[in-house]
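> Dumping the structure here so I can ask a few things about it.
Values quoted throughout were computed directly from the atomic coordinates according to the rules given, and no laboratory measurement underlies them. Since the model is a prediction, treat every value here as computed from it, not as a measurement. When we count neighbours, we look across all protein chains shown, and the Cβ atoms used for this are built from the backbone with ideal geometry, even at glycine.
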Amino acid sequence: MTNIGVYICHCGTNIAGVVDVEGLTQKVAKLKDVSLAKDYKYMCSEPGQDLIREDIKNRNLDRVVVAACSPRMHENTYKKVLASAGLNPFLLEIANIREQASWVHLDKEKTTDKALDLIKMAVAKVRMDEPLTSLSANVIQRVLVIGAGIAGIQTSLDIANIGFDVVLVEKEQSIGGRMSQLGKTFPTLDCSACILTPKMVEVSLNPRIKLFTYSEVEEISGFIGNFKAKIRKKSRGLDESLCTGCGLCQEKCPTKVPSEYDEKMGKRKAIYTLFPQAVPNIPVIDRASCLYITKGKCGVCKKVCPAGAIDYERTDEFIEEEIGAVVVATGFDPFDPVSKEEYGFGIYRNVITGLQLERLLHAAGPTKGEVVRPSDGAIPKRIAFVQCVGSRDEHANKYCSRVCCMYAIKNALLIKEHHPESEIFIYYIDIRAFGKGYEEFYKRAQENGIKFMRGRVAEIFEEQKSRNPVIRADDTLLGMVTENELDMVVLSVGMIPRSDSSKIQKMLGLAASPDGFFMEAHAKLRPVDTLVDGVFLAGTAQGPKDIPDTVAQAKGAASGALEVISHKTLQLSPLISEVDERLCRGCGDCKDVCEYGAIEIVTLDTHKVARINPAICKGCGACAVACCNGSIKLRNYTDSITFAMLDATLGGAV
Amino acid sequence: MKEYATFLGCIIPNRYPGIEATSTSILKYFDIELLPINGASCCPAPGVFSCFHLESWLAIAARNIAIGEETGQDIVTMCNGCYGSLAEANHLLNGNKELKDKINEILSKVGCEFKGNSKIKHMIEVFSEDIGVKKIQESMKNTLDGIKVCTHYGCHFLKPSEIKKHGSSERPRFLDDIVRATGAESIDYKDKTMCCGFGGGVRAKDIDVTLDFTREKLKNIILAGGDCIVDQCASCHLEFDRGQAEIKKIYGEEFRLPVLYFTQLIGLGLGMEQKKLGLEFQNIPAQSLLDKINGGRK
Amino acid sequence: MPITRNIIRINDLNSGFIDEFVESGRKIFGEDVLRSVELCIQCGCCTGSCPSGRRTAFRTRKIFRETSLGFKDSVLGSDDLWLCTTCYTCYERCPRGVKTTDIIRVLRNMAVREGYMADAHRMTASYVFKTGHGVPANEEVQKQRVELGLNRLPPTTHSFPEALRSVQEVLRLTGFDEIVGFNWETMELRGRI
Ligand SMILES: Cc1cc2nc3c(=O)[nH]c(=O)nc-3n(C[C@H](O)[C@H](O)[C@H](O)COP(=O)(O)OP(=O)(O)OC[C@H]3O[C@@H](n4cnc5c(N)ncnc54)[C@H](O)[C@@H]3O)c2cc1C
Ligand code: SF4
Ligand code: SF4
């Protein structure tokens, strides 16, 4: 004999406004096995919870149905109520009469009928539900952080400083990411290196951080608490343990090629480090331009290296690491403005990008901080910034990149500081100065005589002799079309997902939002989580943001990862599929449909059977449907339960 | 032998027959036959008639396509305007069943039906895709070496690019490639992709505005050192050729810049007689250009 | 001089104009194309790109703003509306994907219906009624055609009178004759030009 209690929530007027709650309660009370039915204004409130708790104790309820909002909201609340009253929490069902009834219909009578049907089904189900106990798995208490820009650095430091181990993998030869390319930072104008390098050094000195640079994660397998990562440590063409970072090789190398790190504004050698404070301060031989490797000639670096570290034949190494959680902090790429052909980037030499300007303004950059025109090396006196290049644009990226307004203002101010006589224009659609101190920073630019030109630049053309770019734009505030001949134009390019991000996305099974950046689990309430348990996001890999927001999110991701790995064991949902090994023939159809890779076919003495890894299984039930002879069952969602639910609403018509 | 149904439009047969004669004979040389579309009318001009009454514009364009389709061949136009009208009509009608039914109901009264099976092509595509730059280059008999050409693409072949799908509308290349295939040099000039000023009914209503466009383009071409303009559109062709005469009257400025449809340039390279090209019937004499070519040959 | 209040009362604008506008072109272009006018953020990229606006008072951006807000009379009655050459430069560049040139064409259709069709345009249209060609052949060209080895008249409505009658019939069925004011009896435009 079962004793089911049904609790119907008004949810203020959210439900009661459309559903006749009192009438419903009376009908529900008459259902088979229902020993009591009650309604209450807010079931999720403390008095509401107490009501259930008391009834379980005093009226000997052995199963509970709550008819209220979506189980995504409060299923856990009520499970805890059951547990605290000594009842197995899996003997609870939620009938969602808000999202599935009152919020989506208007007709009171019909909606009440539908609510009754939903409750009937919940009652039918709860009657057959079995008590279950949560499973537990051991947790590997280390975190893998992929990408060592400011986001990955901050996450790693936070986790390590709390006392847990971190494996930090960076693709480039040094950590630091894009922030290391920047000259100064808005809105305080402190030098990027001055605030970044201390953190970089901290990473290199922290014994809890195992750093792999010039490395990539090739494969990740496993599940929350128990991941395995295969890391490729690319060959630098030298023995890292011998290199002292003296720099002699770079000095003597005869080959010069355009520097990617300097955004092609300067040159680097074939053996090179990215910047003076690189961590680690160990160079890499670029195999594509090294004369020894490409032509078998030269070999200068090997000759001059006092440590004898150069080893051209060195090959990649592979390392496996076990971790309990993963933080993806792979950052962004700048938008390539070549496709905005009306701006002539790549054709007009004095049209450059914002990141190129950062390199020119950087004290350790190719021009040692002096801004010069690419065409003739002259110091430009009339400079314009073109905003929203590749952003807020249906033909490129629809979204706002969130940093370009502020970085243009920053660099305009810096140039004005160096050369107060220069004339600077910023062509904008809207100035977005939303952060702390940003509006004030915008005003400071105006105070310094920077001219803000309201209008999206229509096109740029070049005066042939002088190679001066001319901007054509509507001054929307004047209502006049303007032409402005300049010495140099800077395109404020936006942020886009990294060109190689699909590799990481596939490897981890992440989702991408329509903008192409990795998608968080919930835009508001779970901004650093992903839909893959145990995998978190930090920084611009998730969407455009500035350094303050990146750091804040990195700290959030650290806390998310810590929540997973700070426990030795992990509770896993018991609502998963199970195989009846007496029936299973090991055909593998289930394995093919499992999205999560939870199923393995194992060979027993006489035959093969499917085995489900309870830690990976999400309880989606795809295998149970695929199984040809019914040997897989999804707990508490068996066929007989489903039919009982249908019977309950269709009156046995099935 | 490849065949096309030829849509002539108005300006080519009725103002610049040289373009019609030249294109037809060059295509024959390259083994491509142009079939007439008997009874075709004005396309009607996309920027003009569609602005008066979209439905009428669409119905007439659909009729032209319908009778062209009866030849069983794809339809080729020589003018960006004709191309613009027919291609846009094709696009709109094939994408909207209700609209197609409505237009066909009208057409059924005059015994035709728009099916939408034929491709609408432009003469420039026949040269750059069917024949190809390489073959043009190989057939040249007269070197046009040393001739500085300023190309003018016009608007309605390229734009809107999301419908026309001929690649970049900001920095197109195919016409320059054809110019280069003749041995001539294609030089850049300011506002190269700017409109000639002809379209949208502006020429009929506000000719001074139209001519101001034309004048600006001509100035830019002269400034860049161009020996001639090469275009791919009958309307632009008229604008640059007749426009120069009109500018002379209104503004007192004289440019004397020869205007060639691209097949006329190819014709020069193939050694066709000037007479056959119809250049002498144009407003602006091409003599300066011909002298330069012949001078270069000596 | 007395001071007058120089403000626009938004309440007095024709707020239904936008729907009227969308309805006018919906059957041809589809609703989304026309509604795109409401996505305009007044960035001015269209105006800055417009070769016509560089020499006239025509401001694409202003037309789109006025259309969205309901300045019916000033949009449809403005001569500037007719200064677009339909070059589509703005259409290609608009960052919001506003279908600028299509919008202008539909506005012109509305203007024509409101009686704002220029005589010069009626004249152009009348040639099509009479000959099937917007630019019909003349004597001189007919001679040139013969010299070039072409037929005196092209194989168009010029050579096929029954085809011309088809064209005329189509224009009658679409009601273009009424719109333009074409008199079939005199085969001329109605009213004095
Ligand atoms: C021109 C410009 C100026 C700016 N100026 C400012 C400013 O003044 N103030 C401000 O607050 N913000 C500024 N920003 C924004 C700032 O650059 C970003 O907020 C910040 O760099 C984001 O850091 P991140 O760690 O998320 O990404 P990144 O800096 O891109 O770091 C990502 C790291 O991950 C590595 N990585 C990528 N893929 C992999 C992989 N598969 N495996 C391993 N490693 C990988 C990359 O090599 C890189 O080191 C500016 C941006 C630009 C474009
Ligand atoms: S370019 Fe587009 S968004 Fe900008 S003002 Fe013009 S129509 Fe509006
Ligand atoms: S299509 Fe019209 S409005 Fe747009 S740029 Fe060309 S002339 Fe100007």
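> From the cross-link list B:Lys148/C:Lys99; A:Lys171/A:Lys555; A:Lys264/A:Lys368, which pairs have alpha carbons spaced over 25 Å apart?
The answer is B:Lys148/C:Lys99.
> Could you compute how fast the range B:155-298 diffuses translationally, taking Rh as the Kirkwood radius over C-alpha pairs and applying Stokes-Einstein at 25 °C with viscosity 0.890 mPa s? Give it in µm² per second.
On the way: Rh = 16.0 Å.
So the translational diffusion coefficient is about 153 µm²/s.
> While we're on this one: Would you compute the Debye intensity of the range C:77-130 from its alpha-carbon atoms alone, equal scatterers and no solvent, and pass along log10 I(q)/I(0) at q = 0.13, 0.31 Å⁻¹ to two decimals?
Values, matching the q order: -0.40, -1.20.
> For the range A:64-146, take N as its residue count and report Rg(C-alpha) divided by 2.2 N^0.38 Å. Could the numbers behind the result be given before it?
On the way: Rg = 17.2 Å, N = 83, 2.2 N^0.38 = 11.8 Å.
Compactness ratio reported: 1.46.
> Still on this structure: Run the numbers on the range A:4-133 and let me know its relative contact order in percent, using alpha-carbon pairs under 8 Å that are six or more apart. Before the final figure, lay out each step's value.
On the way: 233 pairs, mean separation 40.8, N = 130.
Result for the range A:4-133 is 31 percent.
> Compute the length gained on full extension between A:Arg287 and A:Leu477: take 0.36 nm times their separation in residues and subtract their Cα-Cα distance, giving the result in nm to one decimal. It would help to have the intermediate numbers written out before the result.
On the way: separation 190, 0.36 × 190 = 68.40 nm, distance 5.36 nm.
So the extension gain works out to 63.0 nm.
> Taking every DSSP beta bridge that has both residues in the range A:334-496, what percent is antiparallel when rounded to the nearest 5? Provide the component values of the computation, followed by the final result.
Working: 12 of 30 bridges.
Roughly 40 percent of the beta bridges in the range A:334-496 run antiparallel, per DSSP.
> Same structure again: Roughly speaking, what is the stretch gain from A:Asp592 to A:Asp605, that is 0.36 nm per residue apart minus the C-alpha to C-alpha distance, in nm to one decimal?
Once the chain is fully extended between A:Asp592 and A:Asp605, it gains 2.3 nm.
> Of A:Lys545/C:Lys62; A:Lys57/A:Lys79; A:Lys340/A:Lys436; B:Lys164/C:Lys27, which ones are farther than 25 Å apart at the Cα? Mind showing how you got there, number by number?
Working: A:Lys545/C:Lys62 34 Å; A:Lys57/A:Lys79 15 Å; A:Lys340/A:Lys436 32 Å; B:Lys164/C:Lys27 21 Å.
Too far apart for the 25 Å limit: A:Lys545/C:Lys62; A:Lys340/A:Lys436.
> While we're looking at this one, here's another question. So if we plug the beta-carbon distance of C:Arg190 and B:Lys248 into 1/(1 + (r/R0)^6) with R0 = 25 Å, what FRET efficiency do we get, rounded to 0.05? Please report the intermediate quantities before stating the final value.
Details: r = 36 Å, r/R0 = 1.46.
Efficiency computed from Cβ-Cβ geometry: 0.10.
> Under 20 Å from a point 7 Å along the Cα-to-Cβ line of B:Met140: which residues of the range B:177-209 have their amide N that close?
B:177-189
> As an exercise, use a Förster radius of 35 Å and the Cβ-Cβ distance of A:Asn3 and A:His567 to find the FRET efficiency, rounded to the nearest 0.05. Don't skip to the end; give the middle numbers.
Details: r = 36 Å, r/R0 = 1.02.
Here the calculated transfer efficiency is 0.45.
> A further question on this structure: State, to one decimal in nm, how far the label point of C:Lys143 lies from the label point of B:Lys115, with both points 7 Å from Cα in the Cβ direction.
Modelled inter-label distance: 4.4 nm.
> Under 8 Å for C-alpha pairs, at least 6 residues apart: give me the relative contact order for the range A:66-142, rounded to a whole percent.
On the way: 67 pairs, mean separation 25.9, N = 77.
Over the range A:66-142, the number comes to 34 percent.
> Counting alpha carbon pairs within less than 8 Å and at least 6 residues apart, what relative contact order, in whole percent, applies to chain A?
On the way: 1404 pairs, mean separation 86.1, N = 654.
Answer for chain A is 13 percent.
> Give the value in nm², to one decimal: projected area of the alpha carbon convex hull of the range A:334-496, averaged over all directions. Working shown, then result.
Numbers: hull surface 37.2 nm².
Answer in nm², one decimal: 9.3.
> Something else: Quantify how strongly other chains surround peptide B:52-65 by giving the mean number of their Cβ atoms within 10 Å of each of its Cβ atoms. Working shown, then result.
Working: counts 14, 13, 11, 8, 12, 5, 3, 6, 8, 0, 1, 5, 2, 0.
Taking all residues of B:52-65 together, the mean is 6.
> May I have the extent of the alpha carbons of chain B along their three principal axes, as whole Å values ordered from largest to smallest?
Cα spread of chain B along its principal axes, largest to smallest: 61, 45, 33 Å.
> To continue, here is another question. Please list, in order, the residues from the range A:513-531 whose amide nitrogen is less than 16 Å from a point placed 7 Å along the Cα→Cβ vector of A:Asp333.
Under cut-off, by backbone N: A:515-518.
> Let me ask you something else. Counting helices only, and only those DSSP H runs with n ≥ 4, report the 222 nm mean residue ellipticity of chain B as the sum of -39,500 (n - 2.57) divided by its residues, in deg cm²/dmol to the nearest 500. Could you put the intermediate results ahead of the total?
Values: 15 runs with 149 residues, N = 298.
Taking each H run of at least 4 residues, the total per residue is -14500 deg cm²/dmol.
> Mean Kyte-Doolittle hydropathy of -1.0 or higher plus an axial Cα length of 30 Å or more: which whole DSSP H helices in chain A meet both? Don't skip to the answer; put the middle values down first.
Values: long enough: A:108-128 (31 Å, -0.30).
Qualifying helices, which must be both long enough and hydrophobic enough, are A:108-128.
> Dividing the alpha-carbon Rg of the range C:107-168 by 2.2 N^0.38 Å yields what? Could you put the intermediate results ahead of the total?
Working: Rg = 15.3 Å, N = 62, 2.2 N^0.38 = 10.6 Å.
Here the Cα radius of gyration is 1.45 times the empirical estimate.
> Among bridges DSSP assigns within the protein assembly as shown, what percent are antiparallel (round to 5)?
Details: 54 of 125 bridges.
Counting only bridges with both partners in the protein assembly as shown, antiparallel ones make up about 45 percent.
> Between A:Lys233 and A:Lys27, what is the label-point separation in nm under the 7 Å Cα-to-beta-carbon projection?
Inter-label distance under the simple model: 6.9 nm.
> For the pair A:Leu132 and A:Glu99, how long in nm is the line joining their label points, each one 7 Å along Cα→Cβ?
Simple spin-label model gives 1.9 nm for this pair.
> Shielding of A:163-176 by partners, i.e. mean partner chain Cβ atoms within 10 Å per residue? Kindly include the intermediate steps, with their values, before the conclusion.
Numbers: counts 0, 0, 0, 0, 0, 0, 0, 0, 0, 0, 0, 0, 0, 0.
Mean inter-chain Cβ contacts per residue within 10 Å come to 0.
> Quick check for me: using +1 on Lys/Arg Cβ and -1 on Asp/Glu Cβ, what's the dipole size of the protein assembly as shown about its Cα centre, in debye to the nearest 20? Write out the running numbers ahead of the final one.
Details: 146 positive and 146 negative charges, 301 e Å.
Charge dipole of the protein assembly as shown: 1440 debye, to the nearest 20.
> Could you compute the FRET efficiency for A:Glu447 and A:Ile379, with r as their C-beta to C-beta distance and R0 at 22 Å, rounded to 0.05? Walk me through the numbers before you get to the answer.
On the way: r = 23 Å, r/R0 = 1.06.
After rounding, the FRET efficiency stands at 0.40.
> Percentage of Cα-Cα pair distances in the protein assembly as shown greater than 47 Å, rounded to whole percent? The partial results should precede the final answer.
Details: 336776 of 654940 pairs.
Across the protein assembly as shown, Cα pairs with separations above 47 Å total 51 percent.
> Beta carbons within 10 angstrom, averaged per residue: use that to sort the peptides C:114-121, A:410-417, C:66-73, highest first.
A:410-417, C:66-73, C:114-121
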